[in-house]
Amino acid sequence: PANSVDAVLLFNILHAENPVDLFRVAAEVVCPGGRILAIHWRSDLPTPRGPALSIRPRPEQIAEWARSVGLRPEPSQLLPPWHFGLVVRR
């Protein structure tokens, strides 16, 4: 239901079709002031697993997708060795 959770985790999924729709649904279910935590494989280096480098989103893309549905992304952080993450607030 809407406004029913304090946090949503989007982990290694934003290379799928329609990532903005994922953010839209996450924004609906997270409470006002809640957080969406987006973690993804880095796109700037090869990793032992994960999708092709060509379809991995960059932190800037993820921040823009979040902004497009009215969310407030914070600066991205490296999560060594293979991931990065962003906290996005509603």
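The values are calculated or read from the model by the stated rules, or taken from the named source; none is laboratory data. All of these numbers come straight from a predicted model, not from anything done at the bench. Using ideal geometry, Cβ is built from the backbone for each residue, glycine included, and neighbour counts are taken over all protein chains shown. To get the accessible areas, we keep the full protein, side chains included, count just its heavy atoms, and leave off ligands, DNA and RNA. Shrake-Rupley method; radii C 1.70, N 1.55, O 1.52, S 1.80 Å.
Does at least one position in segment 45-68 carry a residue that is in contact (Cβ under 8 Å) with a residue 24 or more places away in the chain, under 18 Å from residue 5 (Cβ atoms) and either outside any helix (DSSP H, G or I) or open to solvent by 70 Å² or more (accessible area, probe 1.4 Å) (or both)?
Taking every residue of segment 45-68 in turn, none turns out to be in contact (Cβ under 8 Å) with a residue 24 or more places away in the chain, under 18 Å from residue 5 (Cβ atoms) and either outside any helix (DSSP H, G or I) or open to solvent by 70 Å² or more (accessible area, probe 1.4 Å) (or both).
Restricting the first residue to segment 19-35 and requiring it to be more than 14 Å from residue 73 (Cα to Cα), which pairs with a second residue that is among the charged types (D, E, K, R) and exposed (fewer than 13 other Cβ atoms within 10 Å of the Cβ) meet a Cβ separation below 7 Å and a spacing of at least six or different chains?
Going by the 7 Å Cβ cut-off, the qualifying pairs are 31/6.
Right, residue 75: open to solvent by less than 100 Å² (accessible area, probe 1.4 Å) and part of a loop (DSSP other than H, G, I, E, B) or not? Explain how you work it out, then say what you get.
Details: open to solvent by less than 100 Å² (accessible area, probe 1.4 Å): no; part of a loop (DSSP other than H, G, I, E, B): yes.
So residue 75 fails the test.
Within segment 11-62, track down each residue that is in contact with a Lys or Arg (Cβ under 6 Å, 6 or more places away or on another chain), under 15 Å from residue 84 (Cβ atoms) and of a type outside the set (S, T, N, Q).
15, 41
Has segment 19-40 got at least one residue that is small (Gly, Ala, Ser), part of a loop (DSSP other than H, G, I, E, B) and more than 11 Å from the chain's Cα centre (by Cα)?
No, segment 19-40 has no match at all.
Among the residues of segment 1-18, which ones are in a strand (DSSP E or B) and more than 10 Å from the chain's Cα centre (by Cα)?
The initial filter retains those residues of segment 1-18 that are in a strand (DSSP E or B), namely 5-11.
Passing the criteria: 5, 6, 7.
Hey, among the residues in segment 79-90 that are of a type outside the set (D, E, K, R) and in contact with a Lys or Arg (Cβ under 8 Å, 6 or more places away or on another chain), which one's nearest to residue 25 (Cα to Cα)?
Filtering segment 79-90 for residues of a type outside the set (D, E, K, R) gives 79-88.
Restricting the remaining residues to those that are in contact with a Lys or Arg (Cβ under 8 Å, 6 or more places away or on another chain) gives 82-84, 87-88.
On the way: 82: 27, 83: 23, 84: 22, 87: 16, 88: 13 Å.
My answer is 88.
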